[in-house]
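Worksheet: one structure, shown below.
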Amino acid sequence: MTYDGENPVRRFLTLARALLVRNPREAEIARQTHEVGLALRVGHRDEVHALRIRGAPWCIVFDRGTKYTTSELPPGIAPADVHEFEVDRDSEVLLHRLESFAERAVVEQPELAAELQIPRILDAVRMYYGPDSDSQVTGAFLSLASGAAGNLGDGPPERRFSVWVGNVSKVMSEAYDSLLIAGSTVWPLFASITYCRLSPDPDVTSALPRRPDFPNRLLLAIAQDAVFDNDSLCLYDLDWYLEHPLIAPEALIIARRIAPPYLRNGDATIAAARAASTFMEFQAGLHAAAFKFSVAAYSCDRLLAFADSPVFLSHPPDVRELLQHDVIHANRLLGEEKRVICAASLFSAAADPLDFESIALVLTWIESAAEADAREAELRIRDDEFALRMPRFVRDVALAVIELKDVSRRQLGLRHLWEVAGRMEPEVTKALTLGEPAYLLLVYSFLQRAADEDDDLVAGARIAEAFSRLP
Amino acid sequence: MWPIVDVSELANEVAEEIGLDVSHVRPRDRLFFSGFELALWVAGTLLSSFFIGYLKGIRKAGEKLGERSVDALLERFEQMRSRFRNRDPIDQKALRKDVAALMEEMQEAVQEVPRLQAATAFAEEEQETTRTLLELNFPADQALLIAERTLVTIRRRWRG
């Protein structure tokens, strides 16, 4: 498969990830917000600007180069100055775009489209649209969860419950990674699963007596007779545990421990994604990391909401102190910020995949930008990598190209290019299979050009030898 | 002969170590879209704190090490840290310009700092970097983790 910026399979997968990282409805709204910002060119101005979807409790602020979301307007912005706009909550623009990529993929690359389950992914995205979307999504969710109920063994109910929790976690992770379900559909489940796993006595927790409001609060249960009877084990949403009067202090302590491991795991997933040698792996890594940050932010959100509830306020002060409000708030912000950065990167890749995937375009831009202001160009490329808009190898190649232009740093630039080539060479087959541009060839062509300019025969021979190793 | 430490390069590495956790510096009511410039600003502040800690360590062990007085240098780094701290992190245009100027100044100052191959690192280095992170709104556990992580990078470059 050769690289084509318009390759429908790649464009389909990139857009599907952007749609499912949270859910397609939110992605449609994000697209409209993004377009309003672009039209107003707010990010290019020095003054302070704020945008708000009409009726939303928060606004997006562009403040002298810094972008943030806030519910409190910064000084210098009067409520009347906020640019309010309407969004079409029934928009299907991205769905139609996805459908057209799927159509082309099935016609142009039928085998690959089938192997990557493109029709199935499209169906998964479609179920989030239309008036019946809630029931369709719930049905798909329960169907996946029921599928985890096989092979639970013959042990006691507690043991079978524990096996089921492990199975359902695996099934849902795979469904999310395979783009068969949206992140927001499964975050609550993972918060509950993690609650059970962190609980010193999960069997006791899961067997707590049900309350009269049982069926309405039973977000996650698979109450099939074949698996669990209606009086025993169950997995509930996080609020249920937090509000249960029999476990008030324990529930707070356990629930506040959910976010930190997800934040750490998300960071590690981002680090791995940064080091990827292909854009497809980079985007898959961001999609996986966003999920972890989302579970962290979700669990903190539930705790903060609980902190305002009458149940919480009725607890004695020593129990209320267990919530650690400031820590939860800090974790919530961090998880949400990192989720948004991952999602924004996926979204921008879906909106304009040629921006960074075509490394040749990046380098053409870098070469001309470096002529004007090398320091500024270097800062810009570091910022793009820092904000997860490109994997690290693109940044490293771009920085090396800037160094090559500076006589005093030319040798350093050459060393850096050889280092990148050394990292990429073992991955070249994978990159070509995924239909990525031949980044490595580009790196070697830069090295070749430098060798020609320097009349460096040794380097020339080294490059020829490297070329001969390529598939 | 020690190789000259390139402060900008070192700050880039430290900024990468801090990563997206840098947004702890934001006000509580905001969700930040942090950029590299912000990380570079924190990295510069941390670097000045490291040198303050290092120089305090030298001063404490001064007689034994037979080093000249480091008071003047220490004061220079303290002024630099305070100037880093007084920047408005929201104003990216000004931040970019100010951080670049401060890095150049630090590069000059660093060349005057005596290089010691201390068997163990000075405890003051960790105290100063952690304190700075706490002052920049990092939660205590994160401040300790980031101080530990960034000190590995700084010490590797500084002590070889």
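The values are calculated or read from the model by the stated rules, or taken from the named source; none is laboratory data. Remember, it's a predicted structure, so these values are computed and weren't measured experimentally. In this analysis, Cβ positions are derived from the backbone assuming ideal geometry, glycine residues included, and neighbour counts consider all displayed protein chains. Protein only, heavy atoms only, side chains kept; ligands, DNA and RNA dropped before computing areas. Shrake-Rupley method; radii C 1.70, N 1.55, O 1.52, S 1.80 Å.
Here are the numbers for the structure shown:
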item	result
When region A:82-176 is reduced to its Cα atoms, the Kirkwood hydrodynamic radius in Å	16.4
B:ASP88 paired with A:LEU441, simple spin-label distance in nm, labels 7 Å along Cα-to-beta-carbon	5.1
P(r), alpha carbons of region A:303-418 - 10 Å bins starting at zero, rounded %	12, 30, 19, 14, 12, 10, 4, 0
Net charge over other residues, Cβ less than 15 angstrom from the Cβ of B:ALA100 (K, R count +1; D, E count -1)	-4
Relative contact order of region A:60-195, defined on C-alpha pairs under 8 angstrom at six or more residues apart (%)	16
Overall form of region A:372-429 per C-alpha gyration tensor (a/c, 1.5; a/b vs b/c)	oblate
Solvent-accessible surface (1.4 angstrom probe) belonging to A:THR429, in square angstrom, nearest 10	80
Convex hull volume of chain A per residue (C-alpha atoms, cubic angstrom)	186
Nearest-0.05 FRET efficiency for A:ASP81 and A:ILE29, computed from C-beta distance (R0 25 Å)	0.65
Label-point separation in nm, A:SER133 to B:LYS97, each point 7 Å along Cα→Cβ	4.6
Normalised contact order of chain B, rounded percent, pairs of Cα under 8 Å and 6 or more residues apart	35
Accessible area buried between chains A and B, both sides summed, probe 1.4 Å, in Å² to nearest 100	3200
Heavy atoms of B:LEU46 accessible to a 1.4 Å probe, total area in Å² rounded to 10	0
Global form of region B:78-150, assessed from the alpha-carbon gyration tensor, a/c cut-off 1.5	oblate
Apportionment of accessible area to carbon and sulfur, the protein assembly as shown, percent (1.4 Å)	53
At 1.306 mPa s and 10 °C, Stokes D of region B:39-160 from Kirkwood alpha-carbon radius, µm² per second	107
For region B:1-95, convex hull of alpha carbons as volume per residue, Å³	122
Normalised alpha carbon radius of gyration of region A:153-197 [divisor 2.2 N^0.38 Å]	1.26
Residue-span extension gain [A:ARG89 to A:SER309] - 0.36 nm each, minus C-alpha spacing	76.2 nm
Cα gyration tensor shape of region A:108-154, rounded if a/c is under 1.5, else prolate or oblate by comparing a/b with b/c	oblate
Protein-only accessible surface order, largest first, of A:ASP318, A:ASP455 at 1.4 Å	A:ASP455, A:ASP318
Under Karplus coefficients 6.51, -1.76 and 1.60, residue-wise ³J(HN,Hα) of region A:181-190 in Hz, glycine/proline x	7, 8, x, 5, 6, 10, 4, x, 4, 5
Heavy-atom accessible area order for A:ASP396, A:ASP177, largest first, 1.4 Å probe	A:ASP177, A:ASP396
With Cα atoms, 0 to 90° folded angle of helix A:325-351 axis to chain A main axis	50
Cα extents of region A:26-134 along the three principal axes, largest first (Å)	57, 31, 18
Probe 1.4 Å, accessible area per residue of region A:72-144, Å²	60
Reduced Cα scattering model of region A:273-338, Debye log10 I(q)/I(0), q = 0.16, 0.24, 0.27 Å⁻¹	-0.61, -0.95, -1.06
DSSP-defined beta bridges in chain A - what % are antiparallel, rounded to 5	75
Net charge of Cβ neighbours under 10 Å - reference A:LEU333; Lys, Arg +1; Asp, Glu -1	+2
Cα→Cβ-extended label distance, 7 Å offset, between A:ASP452 and A:ALA374, nm	2.2
Gain on full stretching of the segment that runs from A:ASP177 to A:SER143 - 0.36 nm per residue minus C-alpha separation	10.5 nm
